[in-house]
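The values are calculated or read from the model by the stated rules, or taken from the named source; none is laboratory data. Please read these numbers as outputs of a predicted model, since none were measured by experiment. Don't worry about glycine lacking a Cβ; one is built from the backbone with ideal geometry, like all the others, and counts go over all protein chains shown.
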Amino acid sequence: MTERRPVGLEVRSEVVLPTNVAPEDANLVADFTPNLIDVGEHHLCPGCGEPIAIRAVMDAIAVLGLADKSMAVFGIGCSTAFSNNLDVEVLQALHGRAPSVATGVIRMRPELAVFTIQGDGDMGNEGLQEVLHAAARGENIVCIMLNNGVFGETGGHLTVTTTIGQRTKNTIEGRDADKHGHPMRIAELIAQIDGVGYVARGAVNDAGNVARTKRMVVEAFASQQAGNGLSFVEILTMCPTGWFIPTEDAPDYLAETIAGTHAVGVLRQEQSEQ
Amino acid sequence: MSSRLVEGSEVVADAMVRAGCRFFAGYPMTPFTEVLEHMASALPEVGGVCINAESELEAVGMVWGAAAAGTRAATGSTGQGLSLMQESIAEASLAGIGFVVLNMARGQGDYFQATRGGGHGDYRTPVLAPWGPAEVGDLVADAFDLADEWRNPVVVIGDYYLAHTWVDLDMSSEVATPRPSPAWALDGSSGGTGAAKLVSPLGTTKQRDGVGYDLAAHYAGCAERREQMTAGIAPRAELTHTDDAEVVLVAYGTMARYADAVVTALRAEGERVGLVRPITLWPFPEDIVAGAAEGSNVVAVYENNAGQMIDDVRISVGKSVPIVGLNGFQTDSSAFGIAPDVTVENLTASVRELLAGAKA
Ligand SMILES: Cc1ncc(C[n+]2csc(CCOP(=O)(O)OP(=O)(O)O)c2C)c(N)n1
Ligand code: SF4
Ligand SMILES: [Mg+2]
């Protein structure tokens, strides 16, 4: 997150809850320490969905016991803030290039659980052909796309997944299909490619969806470990800053606007031969 | 000795495999295509991987990954394809990821692309220029060693002639066992230890150490490493009859073969003409070129382009000796760089003119 320019927001004075320690009165049902994340504190915007999604991914790796045999390949976007904050090995890729970089790794180290983390701008705009080709080649990797429908990092610009009516810096009156084209559904695109093991779309706007998304990521890694080819999990994440709405409105905005176009669910699941 | 007739492209591929290259990715384009074809059949035989990538962007991305995973890896292309790869080549230098890039050019119009790079930022790539298949084996091995030593992309530049010339060559030398994965490379195993490794063009400082990415510090470190690399690579050139030469030719790669033929023939007539053949185009052998130019009457840069290496010769020689460019040849109809007016006869005539001028 380099450019945060809230538009039309009144400045609020409430204290923001720290995210690196549990609130004193919290009724903890699980360990508050995130799995395999070095520093719990982060510098992304309050209300951002990306840290929740990354945590779900790291939890899945911990659950499957893959910490010492996995490798993350990060794209460039707000989530890059986590590429130097994980306790798994990380290879940083350039904007759009993570699937080909992950291909180079998995071909040389086929025993690893290699996974990519990219935004919708990174994967869908800059490097869409990479994930499609990696999928068709049957590369045995897990690709995660954090979909907030904007370039969060540059300040909230239109991406290929931006929904009709969504306001971005370059569709200030809302995305209009006549003027700005139609949104692409990336998970659906990948689900129809032969050579793909698992495809799902989750979201992190409420506790139920977070738990469901975590299960999807576990399924994706399990499929990768079974050698079923490329697994893909798209995760809808809140970006209150890039959506130009109050922080607390973002989860509902996700459910009502973004998920209306990008429906949550499992799209493809190949059973392994074994 | 088991010498046989082989094409230059096969010699290049063979040299890479012998040097321990075990990952190759590329996208067809003449005259790079045949190297890719040879790698596709040679690598699986030694347990390596060759991918016919769907674009040059993806080819260099794959090599980025394979090299970061500790493998000797290479890619390559021709002009346009290499233009597409420049972002990754520039940033690999910042990430400390070394690999070999074959610049199988057509003529010599890509001298600037190879020696300056078309990418962004303060980076450099060493460039080695064999002048024929017989020299390829050593220079390709050197290129991989340099890529390992400096953790930086290294370019080997060839051309249509190098790729397509068939030569009688001994191809029997041993295939080296690939070197072990370097300590910095990734293999997944440091995960969960509290000290998981990171390879990134943004730097390697981790948040758990109390610092995030510090681009200013990282770029300063890269600049220092680049200075060390510049100082640490001995520039190379081959000198032929330059000691008492009135006319000193400077040519690299295929053009140096023409120049060499002309120098040999004119020397037999007693003419004082010599040749400097740069082998490292970066670092450019400035002192060697300057030394050869000293005492001559004119330095003539013979290159199959509109005049590119002549800039480096000017930097090397300064204004002490006049420098002329023998360049700007016709573009052949195939556009593969086989300029019809690049001939021994034409070069001989040009050199005779320069000799006459030098004596006048
Ligand atoms: C080649 C290149 N073009 C543009 C950029 C600038 N840039 C950085 S992040 C980004 C968009 C990120 O959007 P997304 O992938 O959706 O991630 P988000 O920030 O929304 O998490 C852009 C355009 C870049 N880094 N590299
Ligand atoms: S809320 Fe949006 S702009 Fe802020 S860090 Fe998250 S993705 Fe980036
Ligand atoms: Mg985004």
So, in the stretch A:30-45, how many residues would count as being away from ligand 1 (no atom under 15 Å from the Cβ) and either within 14 Å of chain B (Cβ to nearest Cβ) or in contact (Cβ under 8 Å) with a residue 24 or more places away in the chain (or both)? 9
For the stretch B:90-120, which residues satisfy the criterion of being within 11 Å of chain A (Cβ to nearest Cβ) and of a type in the set (A, V, I, L, M, F, W, C)? B:Ala90, B:Ala92, B:Leu94, B:Ala95, B:Ile97, B:Phe99
Complete set of residues in the stretch A:95-122 that are within 16 Å of ligand 3 (Cβ to nearest atom) and surrounded by fewer than 24 Cβ atoms within 10 Å (Cβ to Cβ): A:His95
Which residue is nearest to the other protein chains (Cβ to nearest Cβ), if the candidates are limited to the stretch A:109-125 and must be charged (D, E, K, R) and in contact with a strand residue (DSSP E or B) (Cβ under 9 Å, 6 or more places away or on another chain)? A:Arg109
Within the stretch B:20-28, is even one residue touching a helix residue (DSSP H, G or I) at 6+ places or on another chain (Cβ under 8 Å) and over 22 Å from B:Leu146 (Cα atoms)? yes
Is it true that A:Ala136 is more than 16 Å from ligand 2 (Cβ to nearest atom) and crowded, with 24+ Cβ neighbours inside 10 Å? no
Here the qualifying pairs (Cβ atoms under 7 Å; residues six or more apart or on different chains; first in the stretch A:62-81 and within 12 Å of ligand 3 (Cβ to nearest atom); second acidic (Asp, Glu)) come out as A:Gly75/A:Asp122; A:Ile76/A:Asp122; A:Gly77/A:Asp122; A:Gly77/A:Glu153; A:Cys78/A:Glu50; A:Cys78/A:Glu153; A:Ser79/A:Glu50
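Restricting to the stretch B:284-298, what's the tally of residues that are under 14 Å from B:Ile233 (Cβ atoms) and assigned to a loop (DSSP other than H, G, I, E, B)?
Summing the residues that are under 14 Å from B:Ile233 (Cβ atoms) and assigned to a loop (DSSP other than H, G, I, E, B) in the stretch B:284-298 gives 2.
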Being assigned to a helix (DSSP H, G or I), of a type in the set (A, V, I, L, M) and in contact with a Leu (Cβ under 8 Å, 6 or more places away or on another chain) is the filter here, so list the residues in the stretch A:74-101 that pass it. A:Ala81, A:Val101
With the condition kept exactly as written, say whether any residue in the stretch A:154-166 is buried (at least 24 other Cβ atoms within 10 Å of the Cβ), more than 16 Å from ligand 2 (Cβ to nearest atom) and either within 14 Å of another protein chain (Cβ to nearest Cβ) or modelled with pLDDT of 95 or more (or both). no
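Restricting to the stretch A:235-274, count the residues that are within 30 Å of A:Lys69 (Cβ to Cβ), assigned to a loop (DSSP other than H, G, I, E, B) and either within 14 Å of chain B (Cβ to nearest Cβ) or within 16 Å of ligand 2 (Cβ to nearest atom) (or both).
Let us first name the residues in the stretch A:235-274 that are within 30 Å of A:Lys69 (Cβ to Cβ), namely A:235-237, A:264-274.
Those left that are additionally assigned to a loop (DSSP other than H, G, I, E, B): A:237, A:264, A:270-274.
Cutting the leftovers down to either within 14 Å of chain B (Cβ to nearest Cβ) or within 16 Å of ligand 2 (Cβ to nearest atom) (or both) gives us A:237.
Matching residues across the stretch A:235-274 total 1.
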